[in-house]
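The values are calculated or read from the model by the stated rules, or taken from the named source; none is laboratory data. All of these numbers come straight from a predicted model, not from anything done at the bench. As a convention, Cβ positions derive from the backbone with ideal geometry for all residues, glycine included, and neighbour counts pool all protein chains shown.
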Amino acid sequence: MSQQTVFAMTGGQVSLEGRPVLRGVDLSIGSGEVVAVLGTNGSGKSTLVRAMLGLIPLSGGRTELYGVPPAKFRDWRRIGYVPQRLSVGGGVPSTIREVVASGRIARQRRLRPTSAADREAVARALVTVGLADRAGDPVHALSGGQQQRVLIARALAGEPDTFVMDEPTAGVDSASQLHLAETLATLVREGRTVLLVAHELGPMEPLVTRAIVLRDGRVVHDGVPPQPVGVHALPGHEHVHPHAVSPECGPLTWEPGPPASKEVPGA
């Protein structure tokens, strides 16, 4: 069976407030791939995945989801998106269970009551991220790392074919990162597609089959994951970083991958 193309971008360009962020990106991701988008802050990682999902308009080029432009794509139950942070607005506080249950909306028919399958999917997702015992707690009472686990559970509850995760380990402790790696390992065994944005891979490195490295909005590496150097390569290095570059680690630096990697000309 031929591999289906999940994401395709041709000549992708994005400008924000007149500043170019993506510069002519050509990229295709097939079903069953586990792809990491890597790069330093400001390289365009999050902009790339948001543009591929149609959340940010292109200023040039085109992009498709399962062969359809994002504006015309309707089968959103196939996509589970985990943004960088949970937006907790005013009004009535939402519970963890309510936020996770919202991941089922794309699978529900209009005016149809919540089904047993919906409740079971939500319960499984809560168990997977280790928050089943806190399902009734308000999400605003959680730490940043716990809120990130809620977002992951929301995506899991939707039972999508493809997961898009924008820096899911940012600000998350080592134990939670290991738990996420175990969760992703299960998804990979089930044949799900995973597109992951990260500063560094940490415990998820063995799962990644392909890495896209961005620099100044351009793809400079597309192939096997390159090896981190410096402090990031030391055994026992703590893979928990804020979005700003830390003084002791400095900018993230990557060595080229093995010769089998595809290095992009002109990088």
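Worth pointing out:
- Among (1) within 14 Å of Val82 (Cβ to Cβ); (2) of a type in the set (S, T, N, Q); (3) without any contact (Cβ under 8 Å) to a residue 12 or more places away in the chain, the one test that Thr169 misses: (3)
- Candidate set: the stretch 67-82, residues that are closer than 21 Å to Leu156 by Cα and in contact (Cβ under 8 Å) with a residue 60 or more places away in the chain; chosen: the one surrounded by the most Cβ atoms within 10 Å (Cβ to Cβ): Gly80
- Scan of the stretch 46-70 for residues that are over 15 Å from the mean Cα position of the chain (by Cα) and of a type in the set (Lys, Arg), ordered by number: Arg62
- Answer residue from the stretch 205-239, given it is modelled with pLDDT under 90 and surrounded by 17 or more Cβ atoms within 10 Å (Cβ to Cβ) and is nearest to Val188 (Cα to Cα) among those: Pro225
- Cβ-Cβ under 7 Å pairs, at least 6 apart or on other chains, the stretch 206-222 side free of Cβ contacts under 8 Å to residues at least 24 places away in the same chain, far side buried (at least 18 other Cβ atoms within 10 Å of the Cβ): none
- Selection status of Glu200, among the acidic types (Asp, Glu), assigned to a loop (DSSP other than H, G, I, E, B) and under 18 Å from Arg97 (Cα atoms): no
- Check on Ser43, under 30 Å from Gly130 (Cα atoms) and in contact (Cβ under 8 Å) with a residue 24 or more places away in the chain: no
- Residue in the stretch 168-181 that is modelled with pLDDT of 90 or more and in contact with a His (Cβ under 8 Å, 6 or more places away or on another chain) present: no
- In the stretch 1-98, counting only strands (runs of 3 or more DSSP E) that sit wholly within it, the ones holding 1 or more residues that are touching a Pro at 6+ places or on another chain (Cβ under 6 Å) span 79-82.
- Considering residues of the stretch 87-118 that are modelled with pLDDT under 70 and closer than 19 Å to Gly145 by Cα only, the residue surrounded by the most Cβ atoms within 10 Å (Cβ to Cβ): Val88
- Those residues of the stretch 1-32 which are polar (S, T, N, Q), within 21 Å of the chain's Cα centre (by Cα) and under 15 Å from Ala51 (Cβ atoms), in sequence order: Thr10, Gln13, Ser28
- Remark: Ala260 falls outside the filter, which requires a residue to be more than 25 Å from Arg78 (Cβ to Cβ), outside any loop (DSSP other than H, G, I, E, B), over 17 Å from the mean Cα position of the chain (by Cα) and at pLDDT below 95.
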